[in-house]
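Okay, so here's the structure we're looking at.
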Amino acid sequence: MKILVVGGGGREHALVWKLKQSPRVEKIWCAPGNGGIAAEAECVAIDAGDVGAIVAFAEKVHPDLTVVGPELPLVNGLTDAFRQRNWPVVGPSQQAAQLEGSKIFSKEFLERHGIPTAKMYGTYDSPSEVYDALNSVAFPVVIKADGLCAGKGVFLAPDFAAAKDFVQRAMEKDELGPGGKRILLEEALEGEELSFIILTDGKRYAPLVPTRDHKRVFDGNQGPNTGGMGAYSTDELLPDALPETIRSTIVEPTLQGLAADGIPYQGFLYIGLMLTNSGPKVLEFNCRLGDPEAQAILARADFDLGEILGDVAAGRLDPSKLRWKPGASACVVLTSGGYPGRFEGGKRIDGLTSLEQITGVKALHAGTKLVGDTVVTNSGRVLGVTAVGKTLEAALASAYHAVAKIHFEGMHYRKDIGAHASELRAAGH
Ligand code: AMP
C-alpha cells in the first residue's frame with residue numbers, strides 16, 4: 001500500500017509511525033508533515049486545508065489510501081472530493097464534519113435524537129439577543145461560538161460580566177473570526193471528562209482505548225487552555241459497566257441518528273464526555289482523532305493500522321481485529337516557552353537521538369522542522385514524548401525519564417500528566 005497522510009502535527013506523526021510498522025505499507029507521503037515525520041515519510045509541502053492542491057497531488061501519485069488527520073480539510077470537503085473520484089479515503093464527509101464544524105448543528109442533532117447532553121438555553125445571531133438571554137440563565141453558564149475557533153470558542157462564564165465580555169469579544173470585536181458570529185448558551189455540567197473515540201466504516205464501529213487529556217497549560221489545571229499538554233490511556237478509565245453505558249446511550253444512538261438523518265459517518269469520531277452524577281453526557285464531537293490523545297491511543301495499538309484503515313475505507317471494518325496492548329500509555333507534550341501566548345520558534349532541540357535507545361518510548365513531533373540536519377522548534381506544541389508501560393505509573397515514569405533527556409531554549413511541560421488518575425479511581429471515576 002502507498003498511503004497519503006494529511007496533516008502535520010503529533011497526531012499525524014503517530015499515524016505515520018504506526019502505518020510504517022505495517023508490513024503491507026510500502027510508501028507514505030505526508031502533507032505537509034514536519035521535522036520528525038520527515039524521518040519516516042516523504043513530506044510534501046502542501047497546506048493540509050488546501051483541498052485543490054491535495055487532490056492534484058493524489059492525481060499525480062495515486063495513493064492506495066488517504067488518511068485525513070485534522071478537521072480543517074474535512075470541513076473543507078477533502079473526503080467528498082476523493083469519494084467523487086472513487087479514491088479510498090478515511091475521514092467523514094463535509095456534511096458529517098459539521099458535528100465538529102458547527103456547535104449548533106451538533107447540539108440540534110443531539111437534542112433531535114435524545115442523546116444525553118447539556119441543556120441548551122438557545123442559539124443567537126446578535127449580541128443583544130445574548131445579553132437578554134443571559135438575564136435568565138443560571139451561572140456558571142457555558143458560551144460556545146458556533147464555528148471552528150482553534151480551541152478558543154468555548155467559555156465557562158462564572159457571572160454576567162464575564163459572559164458579556166466574552167460575547168463582546170466574539171460577536172462585536174470579531175476576535176474569534178467568522179466562527180464567533182453565532183453563539184450557543186448551554187448549562188454547565190459537572191464531573192470528570194473522558195474522551196471516547198471510535199473508528200467506524202459507517203456500519204460497524206470499534207471503540208479505541210479510553211484516554212484523558214490535559215488542556216490547561218500549567219500543573220494543577222492552572223492557566224489558559226491549550227491544544228493539549230498531555231494525555232494518558234489505561235483501561236481503568238472505563239470501569240465496570242461504563243463502556244456498555246456509553247455504547248448504548250451515546251455511541252449507538254449517535255450512529256443511528258446520523259444514518260436516520262442521511263449523513264453516514266466514516267472515520268474517527270471523537271466523543272468528549274462529561275461523567276455526571278446522572279450518567280455520561282456529550283460535551284462535544286470532533287470528527288477526527290484528538291491530539292495528543294492519538295499519541296497515547298496509537299502507542300497501545302497492537303494491530304496492523306494499514307490493514308484496518310484500508311478496511312474502513314472499503315467499508316469492511318472488523319472490530320475484533322483492533323487489539324490493544326494491556327497496561328497503559330502516556331504522552332507528555334513539550335511546548336515552546338510562552339505558549340499558548342506568544343513564543344519564539346527556531347530553537348535547536350537537543351537529546352532526541354538519545355531517546356531512540358529507550359524501549360517503549362517514542363518522541364512524536366508536533367511542531368518541528370528540519371534546518372539542514374538540525375531539528376528546530378516550529379510551533380507552540382513541539383513534541384509529544386510518548387511511552388507505554390505495564391501500569392500507568394510505569395508509562396509515566398518512562399515518559400518523564402525521556403523528557404529529562406530533551407532540551408531546547410524555553411522548553412515547558414506539565415509535570416503532573418496522569419498524576420490525578422489514582423485519586424479519580426478512588427473517587428469511583
Ligand atoms: P468543547 O469544544 O465543546 O468540547 O468545549 C471545550 C471544553 O469546554 C470541554 O472539554 C469542557 O472542558 C468544557 N465544556 C464544554 N461544554 C461544557 C459544559 N456544558 N459544561 C462544562 N464544561 C463544558
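The values are calculated or read from the model by the stated rules, or taken from the named source; none is laboratory data. Quantities reported herein were computed from a predicted structural model and do not represent experimental measurements. Cβ coordinates were reconstructed from backbone atoms using ideal geometry, including for glycine residues, and neighbour counts include every protein chain displayed. The area values use the complete protein model at the heavy-atom level, side chains included, leaving out ligands, DNA and RNA. Shrake-Rupley method; radii C 1.70, N 1.55, O 1.52, S 1.80 Å.
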Residues in the range 249-257: is at least one of a type outside the set (S, T, Y) and either within 16 Å of the ligand (Cβ to nearest atom) or buried (at least 23 other Cβ atoms within 10 Å of the Cβ) (or both)?
yes
Checked pairs for the range 170-192, first part of a helix (DSSP H, G or I), second open to solvent by 30 Å² or more (accessible area, probe 1.4 Å) and away from the ligand (no atom under 16 Å from the Cβ), C-beta under 7 Å and 6 or more apart or across chains, list as M171/P127; M171/K181; E172/P127; G180/D174
Options D159, D174; residue that is under 19 Å from G122 (Cα atoms), open to solvent by 10 Å² or more (accessible area, probe 1.4 Å) and more than 13 Å from the ligand (Cβ to nearest atom):
D159
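Step by step: first the residues of the range 110-132, then only those that are within 20 Å of P280 (Cβ to Cβ) and either open to solvent by less than 30 Å² (accessible area, probe 1.4 Å) or assigned to a helix (DSSP H, G or I) (or both), then the one that is nearest to the ligand (Cβ to nearest atom). Which residue is that?
The qualifying residue nearest to the ligand (Cβ to nearest atom) is A118.
Assess whether K107 counts as being part of a helix (DSSP H, G or I), closer than 27 Å to M274 by Cβ and either at pLDDT 95 or above or among the hydroxyl-bearing types (S, T, Y) (or both). Outline the logic, then answer.
Numbers: part of a helix (DSSP H, G or I): yes; closer than 27 Å to M274 by Cβ: yes; either at pLDDT 95 or above or among the hydroxyl-bearing types (S, T, Y) (or both): yes.
Considered against the rule, which asks whether it is part of a helix (DSSP H, G or I), closer than 27 Å to M274 by Cβ and either at pLDDT 95 or above or among the hydroxyl-bearing types (S, T, Y) (or both), K107 comes out as yes.
Do the conditions hold for T276, that is, is it within 16 Å of the ligand (Cβ to nearest atom) and farther than 29 Å from G310 by Cα?
Values: within 16 Å of the ligand (Cβ to nearest atom): yes; farther than 29 Å from G310 by Cα: yes.
Taking the combined requirement at face value, the residue satisfies it.
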Go through the range 275-290 and report how many residues are open to solvent by less than 20 Å² (accessible area, probe 1.4 Å) and of a type outside the set (G, A, S).
7
List the helices (runs of 4 or more DSSP H) that sit entirely inside the range 329-429 and contain at least 2 residues that are over 26 Å from G33 (Cβ atoms) and in contact with a strand residue (DSSP E or B) (Cβ under 6 Å, 6 or more places away or on another chain).
392-403
